[in-house]
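J.: The structure follows.
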Amino acid sequence: MKKFKLVSVLLVAILMAVVAVGCSDDGETSAEGGNEGSKGGKVNIGIVLPTKDEPRWVQDEARFNDALKDTEYSTEILFSQGSSAKEKENVETLISKGIDVLIIAPHDGAAAGAAVEAAKKDDITVIAYDRLITDTDAVDYYVTFDSVAVGEAQGQYLIDNAGDGKGIPLYLYAGAASDNNAFLFFEGAWNKLQPKIADGTFVIANSSEAESLKDKAELSRDELGRILGQVTTNWDPNESKNKAQTHLTAASTDLKGDVAILAPNDGTSRAIADVFGTDPDISSFVVTGQDAEKASIQYIIDGKQSMTVFKDVRTLVVDAMGMAVDILKGETPETTGTYDNGSKEVSAKQTDVIVVEQKNVKSELIDSGYYEASEFSGL
Ligand code: BGC
């Protein structure tokens, strides 16, 4: 009887393992262990990414999979599909598989607190990836790009390329207020743009909140939040498109002609550019972006998007995996600074960013091996 019980338990365990592997690639989530290490169900490093619906995060998945080929540790990548509930479920799944390290880019920085607190209870080391998890002690490390520098690069690009003279209409757009990065990007852009708004070079076209704060060089989180409340895209191309249409419909003719547009990332930039590109009263526009998504590189080659801020995801992945491996070996990972997440100073490793426009697409993205020339036309 005892023997039978043991055999049954073993059979059930084998069956569950087979089912788990079979279910892992269901389109919403992917479990592409970098190696055979997940034999027996044990996973060393769990990776949770926010959504498959944006090419930015599919890029990260691909770069993780490249990096994982060479690791001896077992890993699993799950996607949260823009839902904090799904994200928590993903973290719980990974906890049940015995992970020691969790690498997570949260969908919503504050809501993810509950998920990482559950991980912390199990002594799992938590690494926030690209997006900081806020208002919790349960985050140990943060690997990130210099997000203020992203916004500064966007703002400076508009100043350098929007033409001479005064009174250039400036359309402002921002990321999702649930993402700490959206604040950092806007803060960086504001650092550069605010003096040029205050001296009349630019005229804000679509935000009364930004207009009322135009003489303030440094904005509080609350003030930034008020501007974001008016010009957020929620990182959603459709919402960006609708907002741009509404703004152009409301704009008087002196807010048209040659204009400048602060778009926070590539997905929103293409959507906004498509709207501005078809308005007969817009003669020209300069529009920013971020992520070097393939579709935006083609837009840049075609002259439909002005620039993108290239964040080399290969570096971020190497940093995150390097940190995870150090932790697994019982070593302390190297960090370069700290980020205040509202609850603690989180030790962080930060990477620089690069501005890419038509003239340096080839040198920065093709010659560096990030993309193949054959992926684009007209290069
Ligand atoms: C990332 C960007 C991305 C945006 C939307 C931000 O947190 O840093 O690279 O474009 O989220 O997903």
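The values are calculated or read from the model by the stated rules, or taken from the named source; none is laboratory data. In this text, all values refer to a predicted model and were calculated from it rather than measured experimentally. As a convention, Cβ positions derive from the backbone with ideal geometry for all residues, glycine included, and neighbour counts pool all protein chains shown. In case anyone asks, the SASA skips ligands and DNA or RNA and just uses the protein heavy atoms, side chains included. Shrake-Rupley method; radii C 1.70, N 1.55, O 1.52, S 1.80 Å.
J.: Along the stretch 300-317, what does the Karplus equation 6.51 cos²θ - 1.76 cosθ + 1.60 (θ = phi - 60°) give for ³J(HN,Hα), rounded to whole Hz, x for Gly and Pro?
T.: For the stretch 300-317, the Karplus-derived couplings read 5, 4, 7, x, 9, 10, 7, 8, 9, 9, 7, 10, 6, 4, 4, 5, 5, 5 Hz, x marking Gly and Pro.
J.: Per residue of the chain, what 222 nm ellipticity follows from adding -39500 (n - 2.57) for every DSSP H run with n ≥ 4, rounded to the nearest 500?
T.: Taken over the chain, the calculation gives -13500 deg cm²/dmol.
J.: May I ask you to evaluate 6.51 cos²θ - 1.76 cosθ + 1.60, the Karplus curve with θ = phi - 60°, for each residue of the stretch 51-59 and list the ³J(HN,Hα) values in order in whole Hz, giving x for glycine and proline?
T.: Listing the rounded values in order: 6, 8, 7, 10, x, 3, 7, 5, 4 Hz.
J.: Here's something else I'd like to know. Amide H to amide H, which residues 5 or more places from I103 or on other chains are under 5 Å from it, using H placed in the peptide plane?
T.: G46, I47, V48, I127
J.: Can you tell me the dipole magnitude for the stretch 313-379 around its Cα centre, using point charges on the Cβ only (Lys, Arg +1; Asp, Glu -1), in Debye to the nearest 20?
T.: The calculation lands at about 60 debye.
J.: Once phi is turned into ³J(HN,Hα) by the Karplus curve 6.51 cos²θ - 1.76 cosθ + 1.60 with θ = phi - 60°, what whole-Hz value does each residue of the stretch 79-90 show in order, with x for glycine and proline?
T.: Calculated HN-Hα couplings, in order: 10, 9, 6, x, 10, 5, 5, 5, 4, 5, 4, 4 Hz.
J.: May I pose another question? Need the full-extension length gain, L379 to D135, defined as separation in residues times 0.36 nm minus the C-alpha distance. One decimal, nm.
T.: Once the chain is fully extended between L379 and D135, it gains 83.3 nm.
J.: Something else: Given points 7 Å out from each Cα along the Cα-Cβ axis, report the T332 to D215 separation in nanometres with one decimal.
T.: Distance between label points: 4.8 nm.
J.: Separate question: Can you send over the carbon and sulfur percentage of the accessible area for the stretch 213-267, probe radius 1.4 Å, protein chains only? Spell out each step's value before the answer.
T.: On the way: 1210 of 2610 Å².
Of all accessible area on the stretch 213-267, carbon and sulfur atoms account for 46 percent.
J.: Sticking with this structure for a sec: How much FRET efficiency would the formula 1/(1 + (r/R0)^6) give for E345 and K69, where r is the Cβ-Cβ distance and R0 is 25 Å, rounded to 0.05?
T.: Efficiency at R0 = 25 Å is approximately 0.10.
J.: Taking the Cα centroid of the stretch 183-221 and of the stretch 107-140, what is the distance between the two, rounded to the nearest whole Å?
T.: 32
J.: Please compute the per residue accessible area over the chain with all protein chains in place, 1.4 Å probe, rounded to a whole number of Å².
T.: Details: 16340 Å² over 379 residues.
Averaged over the residues of the chain, the accessible area is 43 Å².
J.: At a Förster radius of 45 Å, what calculated FRET efficiency corresponds to the Cβ-Cβ distance of D281 and E89, to the nearest 0.05?
T.: So the FRET efficiency works out to roughly 0.40.
J.: What does the extension gain come out to for D367 and D199, with contour length at 0.36 nm per residue minus their alpha carbon separation?
T.: 56.4 nm
J.: Return the long-range amide H neighbours of W235 (sequence gap of 5 or more, or a different chain), with a cut-off of under 5 Å between placed amide H atoms.
T.: It is A176, by chain and number.
J.: Given H placed on each backbone N at 1.01 Å, which residues far from I168 in sequence or on other chains put an amide H within less than 5 Å of it?
T.: Placed amide hydrogens put F202, V203 under 5 Å from I168.
J.: Nearest 20 debye, what's the magnitude of the dipole of the chain about its Cα centre given +1 on Lys and Arg Cβ and -1 on Asp and Glu Cβ? Can you show the working numbers first?
T.: Working: 35 positive and 62 negative charges, 167 e Å.
Dipole about the Cα centre, nearest 20: 800 debye.
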